[in-house]
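One structure below.
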Amino acid sequence: MKFLLLCAQPMGLEEFRQPELDSIATLFNFHITYQDPKQDIKRPYLIVDLESEREARLLGSRSIAIKTVWEYWYDASTYEDLHQYLKTVPELWEKYAQSPSTTWKFDVGAYGQVISMKEKVDVINSFAYMNFLGDIRMKGPDVEVGVFEEYFQGQSKLEKESRSVHEMRRVWMGRKICDSQRHLVDVFDLKKRAYIGNTSMEAEVSLLMANQALADKGKLVYDPFAGTGSMLLTSSAFGAYTFGSDIDGRQMRGKTKSISHSAEQYGVTGKIIDCASFDMTQHPFRTGEIFDAIITDPPYGVRAGAKRLGRKETRRKVYEPTLIPGRESEGFAHELPDYVPPSFAWEMTDVIDSLVTYALYLLKPGGRLVFFLPTDNAEYADVDVPVVEGLQLISNSCQDFGKWSRRLITMVKVSPASGVLNDLDRGIKRLDIGTRNDAAAEGEEAASKLPGHANFGRKFMQGFV
Amino acid sequence: MVRLITQNLLSCPSNACAYPANFPLSFRDVSTIEVVETDFNEDFIRRHLPKLEWNALRKSAAELGNTDLPEVSPDLSDAASVPVEVIKTLHHVLLEIQVQDGSMACPSCNHNFVIKDGIPNMLLAEHEVRK
């Protein structure tokens with residue numbers, strides 16, 4: 001069955017649309033096909049093939065990228081063509097029109113042009129041949145018929161009553177099935193949230209990420225760079241139990257407010273299980289295959305520097321518990337309540353490589369890893385996306401900011417996982433384990449081109465020269 | 001929070017320790033425990049069963065004053081076979097008992113992980129970091 005989707009077209013997020021629809025289909029285990037496989041992501045009207053109205057409603061029950069779902073009737077380049085066709089298929093509308101007890105309304109919209117109320121009324125009147133017998137009802141009618149005019153973008157070409165207007169590109173028509181979940185973008189708006197920080201993920205993107213992660217009731221989802229908990233909140237809003245960790249406990253704990261205040265605001269208090277402060281490369285999990293999904297926005301080294309515990313090779317190292325001169329009576333330095341363990345800057349390539357093997361270890365087979373990969377547009381190539389045996393790439397959606405972008409990468413752990421984990425300590429590379437070929441391989445790597453996310457923080461500060 | 005579902009997954013990450021000697025972490029100096037009623041989701045608990053360490057969970061629950069769990073573990077590898085009464089007990093033990101302030105200590109190296117406002121600090125000291 002064909003359905004017409006009216007898409008939201010948020011600026012910069014066009015690439016996120018199809019992966020979201022595909023993910024929702026996967027979540028509910030149904031098939032979706034696109035009438036035009038090379039769909040133009042700049043156009044807001046999309047025809048998809050679904051088995052029945054049930055699948056259409058399931059799509060609407062989770063999607064952020066679309067606004068409404070319609071039973072597809074027709075699309076044409078002119079109203080003449082549209083009317084001519086509709087008169088040959090009265091079975092589409094007669095059952096509603098001929099029933100005096102069926103309430104109805106027409107919804108006339110446009111994309112790329114403003115149309116006046118008078119023009120809308122003229123459009124509705126052009127369908128008089130349908131002869132609806134029932135009463136018009138503006139709120140909650142039994143049937144809502146949609147007519148949408150799509151206009152060419154760019155310079156206006158025509159003159160109409162001393163106005164410069166665009167030429168109509170297409171007219172689309174259908175019968176309303178349902179709304180989407182797009183209203184959640186407003187519900188989760190950072191400006192309205194109880195607790196946010198300067199790295200909090202914007203509402204729309206954190207909701208799209210939760211859909212990519214297939215967050216759902218009964219599942220356990222993890223964010224290893226939890227910060228102020230944006231991804232925990234949206235994943236839990238979709239029903240999942242969530243767990244967060246971060247090397248910096250201050251962002252999770254908050255001062256006067258914390259993640260728990262936001263959780264209470266959205267009614268997901270019982271769903272955020274715990275947050276813990278630790279370095280992912282020094283993680284405390286005793287076993288793998290715990291989580292149904294890992295969803296995260298790693299620090300890019302711009303507003304928040306990625307760091308890990310320890311010191312850089314050249315600095316003085318400490319191998320034993322030490323006493324602080326002058327405070328010997330208080331006990332060992334690391335046991336004092338004000339102890340802050342040393343940490344050092346963690347380079348972006350290392351962050352991403354570690355995240356990927358960490359996920360490989362912690363994900364259940366079939367589980368998804370969803371994360372943002374920041375990249376210098378001048379340097380990026382598709383090969384920059386890490387490849388690890390055991391994780392399969394599902395989608396790569398670019399959000400472009402001019403000189404740099406971030407790409408939402410979705411991967412799935414295929415079963416069985418590979419021998420990659422044998423050379424790692426619970427998903428993390430250690431200097432003392434692994435094959436002897438490591439040193440040679442690293443030498444080769446250094447000689448070849450660096451990926452677009454290498455040294456990202458420093459390049460960002462330097463303006464990507 | 002620190003719920004038992006979380007604590008049952010945590011071991012000491014110090015370079016001086018290895019599983020199973022570093023598990024479970026023992027609760028110490030627990031000054032605030034809250035019992036918070038939480039919606040029961042049977043499917044979630046059943047899905048999590050294979051990941052539980054039963055004896056450790058019983059021991060840790062007892063440290064917090066709860067002895068609801070039977071000594072003999074049900075067959076955790078056959079989630080569907082576990083009776084719903086046990087699932088309900090697990091729900092209470094795993095999710096509804098929450099440690100807000102206290103600490104967890106490693107049974108092997110004695111590193112004390114402080115829990116403040118429900119968030120455990122599991123950062124390692126410099127000499128404990130694995131390279």
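Give the shape of segment B:23-119 as rounded, prolate or oblate, defined through the alpha-carbon gyration tensor: a ≥ b ≥ c are the square roots of its eigenvalues, a/c under 1.5 means rounded, and otherwise the shape is prolate if a/b is larger than b/c and oblate if not.
Since a/c reaches 1.5 and a/b is larger than b/c, the shape of segment B:23-119 is classed as prolate.
Starting with the highest mean, order A:240-247, A:72-79, A:121-128, A:142-149 by the number of other Cβ atoms within 10 Å, averaged over the residues of each peptide.
A:240-247, A:142-149, A:72-79, A:121-128
Based on the alpha-carbon gyration tensor of segment A:125-187 and its eigenvalue square roots a ≥ b ≥ c, which shape applies: rounded if a/c is under 1.5, prolate if not and a/b is larger than b/c, or oblate?
Taking the square roots of the gyration eigenvalues as a ≥ b ≥ c, segment A:125-187 is oblate.
DSSP beta bridges in the protein assembly as shown, what fraction antiparallel, as a percent rounded to 5?
Close to 70 percent.
Taking a threshold of 31 Å on the Cα-Cα distance, which of the pairs A:K42/A:K120; A:K271/A:K364; A:K307/A:K364; A:K42/A:K271 fall above it?
A:K42/A:K271
What average number of partner chain Cβ atoms lie no more than 10 Å from the Cβ of the residues making up A:278-290?
So the per-residue partner count for this stretch is 6.
Compute the FRET efficiency between A:D400 and A:L336 as 1/(1 + (r/R0)^6), taking r as their Cβ-Cβ distance and R0 = 60 Å, and round to the nearest 0.05.
Here the calculated transfer efficiency is 0.80.
Charges on Cβ only, +1 for Lys and Arg, -1 for Asp and Glu, centred on the Cα centroid of segment A:134-252; of A:G229, A:I177, A:I247, which one is farthest towards the dipole's positive end?
Most positive-ward Cα: A:I177.
Going by average Cβ neighbours within 10 Å, how do the peptides A:349-356, B:37-44 rank, with the highest at the top?
Per-residue Cβ counts within 10 Å, averaged per peptide and sorted highest first, yield A:349-356, B:37-44.
Set the Förster radius R0 to 35 Å, insert the Cβ-Cβ distance between A:S162 and A:Y85 as r into 1/(1 + (r/R0)^6), and round the FRET efficiency to 0.05.
For A:S162 and A:Y85, the calculated efficiency is 0.55.
Quote the FRET efficiency, to the nearest 0.05, computed for A:T322 versus A:S61 with a Förster distance R0 of 51 Å and r equal to the Cβ-Cβ distance.
Computed FRET efficiency for A:T322 and A:S61 comes out at 0.35.
Given the DSSP H assignment, sum -39500 (n - 2.57) over each helix run of at least 4 residues in the protein assembly as shown and divide by its residue total; what's the result at 222 nm in deg cm²/dmol, nearest 500?
When only DSSP H runs of four or more count, the value is -6000 deg cm²/dmol.
Which whole-Hz ³J(HN,Hα) couplings does segment A:82-92 yield from phi under the Karplus relation 6.51 cos²θ - 1.76 cosθ + 1.60, θ = phi - 60°, glycine and proline marked x?
The phi angles translate into 4, 5, 4, 5, 4, 5, 8, 10, x, 4, 5 Hz.
Label points 7 Å out from Cα along the Cβ direction at A:D186 and A:N125: separation in nm?
In this crude spin-label approximation the distance works out to 3.2 nm.
Excluding residues on the same chain fewer than 8 positions from A:K87, give the lysines whose Cα lies under 17 Å from its Cα.
Partners found: A:K95.
What distance in nm lies between label points placed 7 Å from Cα along the C-beta direction at B:N55 and B:Y19?
Result for the modelled spin labels: 1.6 nm.
How shielded is B:5-14 by partner chains, expressed as the average number of their Cβ atoms within 10 Å of its Cβ atoms?
5
Return a whole-number percent for the relative contact order of chain B, with Cα pairs under 8 Å and 6 or more residues apart as the contact set.
Here the relative contact order equals 40 percent.
Rounded to the nearest 20 Debye, what is the dipole magnitude of chain A about its Cα centre when Lys and Arg each give +1 and Asp and Glu each give -1 at the C-beta?
About 1000 debye.
Name all residues of segment B:93-127 having a backbone nitrogen under 19 Å from the label point set 7 Å from the Cα of A:T269 along its Cα→Cβ direction, giving them as ranges.
B:93-101, B:117-119
Given springs between every Cα pair under 10 Å in a Gaussian network model of chain B, which of B:P70, B:P107, B:P13 has the largest fluctuation?
Taking springs between Cα atoms under 10 Å, the residue moving most is B:P70.
Restricting to bridges with both residues inside segment A:83-216, how much of the DSSP beta-bridge set is antiparallel, in percent to the nearest 5?
Taking every DSSP beta bridge with both residues in segment A:83-216, the antiparallel ones total about 55 percent.
Please give the average number of partner chain Cβ atoms lying within 10 Å of the Cβ of each residue in A:328-337, rounded to a whole number.
For this peptide, the per-residue mean of nearby foreign Cβ atoms is 2.
Sticking with the crude label model, points 7 Å out along Cα→Cβ, report the distance from B:D75 to A:Y34 in nm, one decimal please.
Here the modelled spin labels are 4.7 nm apart.
Below 20 Å, Cα to Cα, which aspartates and glutamates can A:K160 reach? Residues fewer than 8 away in the same chain don't count.
Filter leaves A:E80, A:E119, A:D122, A:E149, A:E150.
Let me check against my output: what whole-number percent is the relative contact order of segment A:111-219, with C-alpha pairs under 8 Å and at least 6 apart?
Across segment A:111-219, relative contact order equals 20 percent.
Laboratory data are not the source of any read-out in this text; all were calculated from the coordinates shown. Source: prediction; values computed, not measured. Cβ atoms come from the backbone with ideal geometry, glycine included; neighbour counts cover every protein chain shown.
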